[in-house]
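Step one of this worksheet: look at the structure below.
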Amino acid sequence: MLPGVIGVLQANEALKILVGYGEPLVGRLLMFDAQSTTFRELKLRRDPHCPTCGDGAKDDGAKDDRAKDEGARDGAAKSEAATPEPALQAAAACT
């Protein structure tokens, strides 16, 4: 049961990022307790020293892609949504 639940959650997150619909768990950690069948959500702070998303990160376009994704989720820039590959790389590196 547990691998199925976690797999469905991971697939759902990937679809949210690929399609640009919904609010992905960027900056948040979802914890699942299989024994009590409960979920907990923790907010994560951005590390200013992170080489990917920190203050001194080199600009490889990923930050621009994340901004476009955030705009698409807000309904402001759906037509300018980033391609899935950079968005997935940025989300994976910063979570």
So, in segment 11-42, exactly how many residues are surrounded by 11 or more Cβ atoms within 10 Å (Cβ to Cβ), among the β-branched types (Val, Ile, Thr) and farther than 19 Å from CYS53 by Cβ? 1
Go through segment 1-54 and give me each residue that's aromatic (Phe, Trp, Tyr) and within 17 Å of the chain's Cα centre (by Cα). TYR21
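Read the figures in this text as sums done on the coordinates, not as results from a lab. Because the structure is a prediction, the values reported are computed rather than measured. All Cβ positions, even for glycine, are placed from backbone atoms using ideal geometry, and neighbour counts span all protein chains on display.
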